[in-house]
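Taking it in order: structure first as structure tokens, then the write-up.
The values are calculated or read from the model by the stated rules, or taken from the named source; none is laboratory data. Computed from a prediction, not measured in an experiment: that's the story for all the values here. Please note: Cβ atoms are built from the backbone with ideal geometry, for glycine as well, and neighbour counts cover all protein chains shown. Note: areas computed on protein heavy atoms with side chains; ligands, DNA, RNA excluded. Shrake-Rupley method; radii C 1.70, N 1.55, O 1.52, S 1.80 Å.
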Amino acid sequence: LHLLASLQKEEKFPLADCQNWRDLLNDMRSLFPSQKIAHLVHGDYDPSNILVEKRHGQWELSAILDWEFAQAGSYYRDMANMLRYEYSFSKEYKLYFVDGISHHICLPSDWQKTITLCNVYGLFDCLANRVNIPNQPNRYADVTQLLRRFYKQLAYAK
């Protein structure tokens, strides 16, 4: 919620939107990942940072690149990065990605809400710290469009 206050103060996000998000996030506070359990988190885990190669007729992981944002945190954050634009991917993409995760992690029934909340936090952080609105209008538009999409998903799922 401190990011919302910062966005509001710097006028990077409309006041009404900040209040709507504040209310929704307060209602969903219990779905945020625990800060007590930390894993190595890539921090920029998305398809562009994953290399695969064909071995024995099957695609296999070859390397994961771009580790400068690595930190201790929740694996939900990396999942959120991978699924941020899931609406533009094939259904199989999400199905196989989640199936692969599920072989190693027991996902709770509400994991999708948690993933969405992680994406929201990451997008608020991006707006507050990495988007220069006058110089990056397309990036700002992308982030705010994603936030509108996620707000609708969360408000509907509430």
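The residues of the range 100-153 have, on average, 56 Å² of accessible surface per residue, using a 1.4 Å probe with all protein chains present.
The residue among Ala16, Tyr85, Ser34 whose Cα reaches farthest toward the positive pole of the charge dipole of the range 13-119, with charges on the beta-carbon of Lys, Arg, Asp and Glu, is Ser34. Estimated purely from DSSP H runs of n ≥ 4, each contributing -39500 (n - 2.57), the mean residue ellipticity at 222 nm for the chain is -16500 deg cm²/dmol once divided by its residues.
In terms of distances greater than 30 angstrom between alpha carbons, the cross-link table entries Lys12/Lys91; Lys9/Lys91; Lys36/Lys158; Lys94/Lys152 yield Lys12/Lys91; Lys9/Lys91. Computed in the context of the full set of protein chains, the accessible area of the chain at 1.4 Å probe radius has 53% of its extent on carbon or sulfur. Using R0 = 41 Å, the C-beta based FRET efficiency linking Leu15 and Leu61 works out to 0.35.
Can you tell me the order of 72-84, 133-145 when each peptide is scored by its average per-residue count of other Cβ atoms within 10 angstrom, highest first?
On the way: 72-84: 19.9, 133-145: 12.9.
Output ranking for 72-84, 133-145: 72-84, 133-145.
Between Val52 and Asp99, full extension at 0.36 nm per residue minus the direct alpha carbon distance yields a gain of 15.2 nm.
When you filter the trypsin sites (Lys or Arg not before Pro) in the range 2-76 for DSSP loop state and at most 13 other Cβ atoms inside 10 Å of their Cβ, you are left with Lys36. Rounded to the nearest 20, the size of the Cβ-charge dipole of the range 14-61 about its Cα centre is 200 debye, with Lys and Arg at +1 and Asp and Glu at -1.
Measuring with a 1.4 angstrom probe and ignoring ligands and nucleic acids, Glu60 comes out at about 70 Å² accessible.
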